[in-house]
1. Where in the chain lies the longest segment free of GluC sites (Glu not before Pro) that are both loop residues by DSSP (not H, G, I, E, B) and have at most 14 other Cβ atoms within 10 Å?
2. Please give the per residue accessible area of the chain, computed with a probe of 1.4 Å over protein heavy atoms only, in Å².
3. Which of rounded, prolate or oblate describes segment 180-300 when judged by the alpha-carbon gyration tensor and an a/c cut-off of 1.5?
4. Which whole-Hz ³J(HN,Hα) couplings does segment 29-40 yield from phi under the Karplus relation 6.51 cos²θ - 1.76 cosθ + 1.60, θ = phi - 60°, glycine and proline marked x?
5. Exactly which trypsin sites (Lys or Arg not before Pro) in segment 1-72 are in a DSSP loop and have at most 14 other Cβ atoms within 10 Å?
6. Using 0.36 nm per residue, how much length does the chain from D86 to D104 gain when fully extended, once their Cα-Cα distance is taken away?
7. Over all directions, the average projected area of the alpha-carbon convex hull for the chain comes to how many nm²?
8. For A156, what is the net charge nearby, where nearby means another residue's Cβ is under 13 Å from its Cβ and Lys, Arg count +1, Asp, Glu -1?
Amino acid sequence: MAKARIAVIGAGLMGHGIAQVFALAGHEVTITDSFSANLDTVKTRIAANLKDLGDDARAVERVRPLTDIASTVREADFVVEAVSEDLPLKQKIFGEIEKHARGDTILASNTSVIPITKIMAGLRDRARALGTHWWNPPYLVPLVEVIGTQWTSPQAIERTMKLHADAGKKPAHVKKDVPGFIGNRLQHALWREAIALVENGICDAETVDAVIKAAFGRRLAVLGPLENADMVGTDLTLAIHKTVLPDIDSRPGPSPYLEKLVREGKLGFKSGEGFRKWTPEQQASLRQKVLAHLKKSRDN
Ligand SMILES: NC(=O)c1ccc[n+]([C@@H]2O[C@H](COP(=O)([O-])OP(=O)(O)OC[C@H]3O[C@@H](n4cnc5c(N)ncnc54)[C@H](O)[C@@H]3O)[C@@H](O)[C@H]2O)c1
């Protein structure tokens with residue numbers, strides 16, 4: 001797609017950021033939200049982000065907030081849904097989008113974990129429906145996972161991959177619609193063992209994070225695990241796995257330690273304590289640190 005018309009449904013945390021990326025790439029963007037406060041502030045939020053990042057402030061002029069789904073999607077070439085993570089809501093919204101969008105428009109959901117197959121099952125034309133899983137904040141994290149279902153056409157995948165690559169993102173094709181796609185499966189495999197290390201008294205939570213940040217976390221942005229396995233040798237990797245894997249946590253469900261934290265109201269930043277205690281200042285400082293790091297590595 002050269003310059004396309006993009007429709008974004010949902011102007012919350014993700015929706016406004018996705019709209020910003022497409023507008024900055026030169027596309028015309030329509031956006032809607034059922035909560036008027038979010039729709040009314042969407043352009044202000046995008047303008048503030050553009051200013052903060054030193055991006056072309058005129059991009060916001062290509063974003064048009066509209067109050068209903070019908071007019072938002074009517075002329076769109078590509079529709080991305082970023083409403084709350086609620087399956088019946090998403091199904092209902094796609095039913096409505098399908099009624100009003102053109103027949104050749106690609107329909108995408110930005111769900112974090114709901115299978116795309118479940119969201120799109122009720123559509124008349126499922127060949128043009130797929131997932132585009134962005135990461136927060138959309139204008140700083142490059143990855144967009146493009147998820148096909150058993151019905152998605154190769155053309156829809158190809159057009160979507162190109163659209164996102166041309167907008168400066170790094171699209172990754174997920175060939176099967178599995179829970180957690182690629183990124184969250186990898187991320188939560190690590191989190192499971194991180195929690196088990198604490199649960200089993202091997203170290204405290206602060207040490208888990210310190211070990212990652214001071215060791216392989218330093219390399220991860222430039223050296224993926226499979227590149228790393230090839231670098232050290234698949235034979236050495238096999239030898240390590242024979243010793244380590246039988247001892248690594250492989251329970252199929254969430255850890256009882258995590259369940260206990262939640263039961264006790266230790267919800268993390270929200271309550272001031274989770275795996276560790278957090279003052280409001282510590283929370284603000286960590287958020288700031290992450291944002292500064294993402295900004296610095298934006299163009300890599
Ligand atoms: N927050 C993240 O880090 C993240 C990352 C990747 C994917 N996601 C996914 O993206 C989606 C949106 O998440 P978010 O964090 O932006 O949530 P959010 O709560 O910030 O935004 C959701 C928006 O949807 C709107 N909405 C609800 N019902 C609607 C309707 N019927 N019509 C139009 N708009 C409606 C809400 O008013 C709200 O503005 C979810 O599916 C989420 O799982 C979130």
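The values are calculated or read from the model by the stated rules, or taken from the named source; none is laboratory data. Quick caveat, the model's predicted, so the values are computed rather than measured. Here Cβ is always computed from backbone atoms with ideal geometry, including for glycine, and neighbour counts include all displayed protein chains. Ligands, DNA and RNA are stripped out before the accessible areas are found, and what is left, the full protein with its side chains, is counted by its heavy atoms. Shrake-Rupley method; radii C 1.70, N 1.55, O 1.52, S 1.80 Å.
1. Between exposed loop sites, the widest span is 86-263.
2. Normalised by residue count, the accessible surface of the chain is 56 Å².
3. Oblate is the answer for segment 180-300, as a/c is 1.5 or above yet b/c matches or exceeds a/b.
4. 3J(HN,Hα) across segment 29-40, in whole Hz: 10, 9, 9, 9, 7, 7, 9, 4, 4, 6, 6, 5.
5. Qualifying residues, ordered by number: K3.
6. 3.9 nm
7. With the hull built on Cα positions only, its mean projection is 17.4 nm².
8. Local net charge: 0.
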